[in-house]
Amino acid sequence: MNKTIALIYGDCSSPEIVTQAVRVLDKIAEKYGHTFTYTRAYMGGEAIDKFGDPLPQSQLNICLASDSVLLGAVGGPKWEGMPGDKRPEKGLLRLRAGMGLYSNNRPAKIWPQLADASPLKPSIVEKGIDFIVVRELIGGVYFGEHKTIEENGEKKAIDTMPYSEHEIERIGRIGFETAMKRRKKLTCVDKANVLDTSRLWRVVMHRLAAEYPEVEYGEMFVDNAAMQICKNPSQFDVIVTENMFGDILSDEASEITGSIGMVPSSSLGAGTCGLYEPIHGSAPDIAGQDVVNPIACILSAAMMLRFSFGMSAEADAIEAAVSAVLDDGLRTADLYHGEPGTTKVGTAAVTDAILAKL
């Protein structure tokens, strides 16, 4: 199979992890008889430096012409003083909108080898952590109107949080379909006691629930959900929620699994061309030191193979190789705590080990 993959290397330590993920993809191509053609696209700080724009149309066009996009992470201290519309993160929002990626899917799964790394009590962890956050990605307050005005002699900032029925329905349906492929339990997280948008979410989700009688459907206020993710994460299978709530909760969920450096994500729309990226940032403090954990980016590449290319066996092979390396006790700096039987390794070395398992 021939596939074109747009690579966004990103900023700070991000190029290091994308480079390692490409090594794994090349090994998969060799082993399974595929051809992966890579095209370079610039976004974020690297695009600002090159073009003066966090995502020029020419770079978006490269992504749109690909079969899928693999991204590291963007941003860093160098660009923190940029105007709002020129910040690296603005490029990511434009990329999601330009590709029509309305569904961000972030698994929260604890690897058994890393159970001790979770900040939660062992009595909580042993019940299991294995759920996925399905986050609406191109609506809500991040894409609403933003303005700062002068009123009664002082500045007043206004951010709007719009949602329409069709936006809710399409992400809600993905939530139900995802639940059908898992343990058939879906929790809609909202703030319906306060927000009109959340009340509309409930109306639409109730309508969808009637189409999926096999799925156990429930609702939870976002503040309670934040508490329950720490208190009893085993109760969750699939969480579906709006953009800002999903942004916050999925980061919280990643931390209880032991390390943000292990968590991949996918962003998809109506077609199969998606955006795949680790959920962590660009880690400027460790850039160029061969210590950043590449596994989340490697697992993001595996998600791309599975969900955009239909290569389930290849994705399984990568995930099995990662698990085997963890079994061998190899740990990057974010995972290493000096436990007996573990060895601290760098970015390239842990990838070497994954390649050897493949």
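Some points to look at:
- The residue list LEU268, GLY75, GLN59 was ranked by how far each Cα lies along the charge dipole of the chain toward its positive end, using unit charges on Cβ atoms, and LEU268 comes out on top.
- Residue-wise HN-Hα coupling along the range 210-222, computed from phi with Karplus coefficients 6.51, -1.76, 1.60 (Hz; x: Gly, Pro): 5, 7, 10, x, 6, 8, 6, 9, x, 10, 8, 5, 5
- Kirkwood Rh, Cα atoms: Rg over Rh of the range 224-299: 1.01
- Relative to the Cα centre, the charge distribution of the chain, modelled as +1 at Lys and Arg Cβ and -1 at Asp and Glu Cβ, gives a dipole magnitude of about 520 debye.
- Cα-based convex hull, the range 119-256, per residue volume (Å³, whole number): 118
- Average projected area [Cα convex hull, the range 1-82], square nanometres: 5.3
- Leading residue at positive end of dipole, the range 119-256 (Cβ point charges), from THR148, VAL238, SER198: VAL238
- Put simply, when 319-330, 292-303, 206-217, 169-180 are sorted by average Cβ atoms within 10 angstrom per residue, most first, you get 292-303, 169-180, 319-330, 206-217.
- For the chain, the relative contact order is 21 percent, taking Cα pairs closer than 8 Å that sit 6 or more residues apart in sequence and dividing their mean separation by the residue count.
- The packing ranking of peptides 225-232, 127-134, highest mean first, is 127-134, 225-232, where packing means the average number of other beta carbon atoms within 10 angstrom of each residue.
- Environment charge at LYS191 (Cβ cut-off 12 Å; Lys +1, Arg +1, Asp -1, Glu -1): -3
- Cα centroid separation, the range 268-296 to the range 20-93 (Å): 10
- Summing charges over all other residues whose Cβ lies under 15 Å from the Cβ of THR148, with Lys and Arg as +1 and Asp and Glu as -1, gives -3.
- Order by protection proxy (mean Cβ within 10 Å, highest first), peptides 70-77, 151-158: 70-77, 151-158
- Normalised contact order of the range 119-256, rounded percent, pairs of Cα under 8 Å and 6 or more residues apart: 38
Values in this text are rule-based calculations from the coordinates and carry no lab data. Since the model is a prediction, treat every value here as computed from it, not as a measurement. Note: ideal-geometry Cβ built from the backbone for every residue, glycine included; neighbour counts use all protein chains shown.
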